[in-house]
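Let me begin by presenting the structure, written as structure tokens, before commenting on it.
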Amino acid sequence: MGPGLDGQICQVCEGADGDRAGVRQTAEAGDRNLVKKHLPKRTAREDPESKFCQYQAFLQVVRELNDFAGQREVVAENLLTRICVELAKYSQEFKQERKSHLQEGRRAQQQLENCFKQLENSKRKFERDCREAEKAMLTAEKLDQDINATKADVEKAKQQANLRSHMAEESKNEYASCLQKFNRSQSQFYFLEMPQIFSKLQEMDECRVRRLKEGYSIFSETEQQVVPIIGKCLEGMKAAADLVDEKNVGARQTSPCSHLLL
């Protein structure tokens, strides 16, 4: 049997989170490369462009972008470690647990089938012994009425009939015993063993859904945790933009941008 619908959902969520983490990592790497490319290699005193407020603002935006990229990295790492890795681990555990429960069910079913085979064999043996006993009895009766039959032949036929009758009685008792055993096994299978196995499977699926629920929560919590820092990054970018004075572009600013010139 396959992994089931819940197993497929778990795999889909695991894959989606992995893809999302990959997107975050790609974006983070792109931002890091952008920052590395545009941050100046020279000091503020060596860089003639540093006196322009719009350039100072640009550097501030790039620095804030670097912090922004760091938060993308945090999100990607959390998605990978707290969701993808955990979901993969739980998914494997659930597969093994489900396999174990299904094997338990198959064993119980196999035992019931073996018990039924024993019942069928004992039934066939009982029917065969009954036919043989009836046949031996008819033979003994015929010989008893045959004037040409010797006393020894008649006695032998009666002994054979008694033997066959005894064997039929034993087969009857064995068949009755197998029937009782099968009825008990059948009752235990349908009213005890299988309900317990189904209950275990249901508990396992409930646990799997609970894990998915936790993953969904972490999914949003991971983003929410970096929202304040990202907000500060965006505020820093906006502050840098507000410090640009188009009427006095060459003025050196004493502002949040000034730390970039040190």
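Readers should treat all values here as calculations from the given coordinates under stated rules, not as data from a laboratory. Keep in mind that what you see is a predicted model, and the values were worked out from it rather than measured. Glycine also receives a Cβ, built like all others from the backbone with ideal geometry; neighbour counts cover every protein chain displayed.
A few notes on this one:
- Global dimensions of the stretch 114-153 from alpha-carbon coordinates: Rg and Dmax equal 16.2, 51 Å.
- Values of log10 I(q)/I(0), in the order q = 0.15, 0.22, 0.23, 0.28 Å⁻¹, for the stretch 54-118 under a Debye, Cα-only, solvent-free model: -0.71, -0.90, -0.92, -1.03
- Estimated D of the stretch 122-237 in µm² per second, where Rh is the Kirkwood radius over Cα pairs and Stokes-Einstein applies at 4 °C, 1.567 mPa s: 61 µm²/s
- Set of the stretch 211-245 residues, backbone N closer than 11 Å to the point 7 Å along the Cα-Cβ line of VAL74: 222-233
- Part-to-part distance (alpha-carbon centres) for the stretch 131-146 and the stretch 186-225, which is given in Å: 67 Å
- Estimated from the Cβ-Cβ distance and a Förster radius of 45 angstrom, the FRET efficiency linking LYS89 and ARG184 is about 0.60.
- Proximal charge balance of GLN103 [Cβ under 14 Å; K/R count +1, D/E count -1]: +3
- Couplings for the stretch 198-204, taken from phi via the Karplus curve 6.51 cos²θ - 1.76 cosθ + 1.60 with θ = phi - 60°, read 5, 5, 5, 5, 5, 4, 5 Hz in order; Gly and Pro are left as x.
- Paired Rg and Dmax values of the stretch 166-211, which use every Cα atom, in angstrom: 19.1, 65
- Two-site label geometry, GLU155 and ARG131: point separation in nm, points 7 Å out along Cα→Cβ: 3.2 nm
- 3J(HN,Hα) from dihedral phi, the stretch 212-217, Karplus parametrisation 6.51/-1.76/1.60, rounded to Hz, x for glycine, proline: 5, 4, 4, x, 4, 5
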